[in-house]
Each structure stands twice: as C-alpha cells, then as structure tokens.
Amino acid sequence: MVSEYSRWGYDKLRVFLGWCQLLGGLGLLIGLIPGFSLLTSVTSFLLTIMMLTAVFTRIKSKDKLLYTLPSVFYSIINAVIFYNTLF
C-alpha cells in the first residue's frame, strides 16, 4: 500500500489520510448516538469528498475498474448517508 500512495503522489500524506478515514468512520459511529446527528452529516460529507477524490485519483492513474469500484461504492454510501441526514 505504501507504494500505491507513492505512485499516486500522496506518499507524504499517507498517514494523514489514514487518520482522516479512521476519524471519519468514528464520527459516523458516534453520530448514531441521539443528539449527534450533525456529526454524522459533517463526517459523511467529508468522507464523500475524500472518496470522490480517490475515484478521480484512480482514474487519473489509469487503474483498472475493479480497483476503482470500492471508492465509487464508498462515495455512494457516504453520499446517501449525507443526504438522509439532511431530511
């Protein structure tokens, strides 16, 4: 995985991006607690942006569709979560 981040040009951001994903997932879990719905909205929006960036990074680096699908899947899931927290 280290070589993948280097190939994408994100080798210096690897640890930071990992922490962002971890904290985003934790934010989604904490957002399930009544009274923390704003946290769910914010973290799902930020994770959607992060995963869309991952999709574009995969496309830019000409990766196979099979390698791009997980980030597409997570983008859609987070976008649906974000949309559902708005209404």
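With unit charges on the beta carbons (Lys and Arg positive, Asp and Glu negative) and the dipole taken about the Cα centre of segment 2-86, which residue among LEU66, THR40, CYS20 sits farthest to the positive side?
LEU66
Each label point is 7 Å from the Cα along the Cα-to-Cβ direction; what then is the distance between the points at LEU66 and PHE16, in nm?
Each label point lies 7 Å from its Cα, and together they span 3.3 nm.
How would you rank 22-32, 51-61, highest first, on the average number of other Cβ atoms within 10 Å across their residues?
Peptide ranking by packing, descending: 51-61, 22-32.
Please check which bits of segment 18-61 a label hung off VAL2 would reach, taking the label as a point 7 Å along Cα-to-C-beta and the cut-off as backbone N under 16 Å.
Once the point is set 7 Å along Cα→Cβ of VAL2, 18 turn out to lie under 16 Å by backbone N, inside segment 18-61.
Under 15 Å from the Cβ of LYS64, count the other residues' Cβ atoms, weight Lys and Arg +1, Asp and Glu -1, and hand me the total.
Here the count lands on +2.
So what's the back-of-envelope 222 nm ellipticity for the chain, counting only DSSP H runs of four-plus at -39500 (n - 2.57) apiece and dividing by all residues, rounded to 500?
On the way: 4 runs with 70 residues, N = 87.
Helix contribution divided over all residues of the chain: -27000 deg cm²/dmol.
Can you tell me the mean projection area, over all orientations, of the convex hull of segment 2-86's alpha carbons? Units nm², please.
Details: hull surface 22.0 nm².
If you wrap the Cα atoms of segment 2-86 in a convex hull and average its projections, you get 5.5 nm².
Any idea what the relative contact order of segment 2-86 is, in percent, if you count C-alpha pairs under 8 Å spaced at least 6 apart?
Worked out over segment 2-86, it gives 28 percent.
Computed from the coordinates by the stated procedures, all read-outs in this text should not be read as laboratory data. Note that the coordinates shown come from a computational prediction; the quantities given were computed from them, not determined experimentally. All Cβ positions, glycine included, derive from the backbone under ideal geometry; neighbour counts span all protein chains shown.
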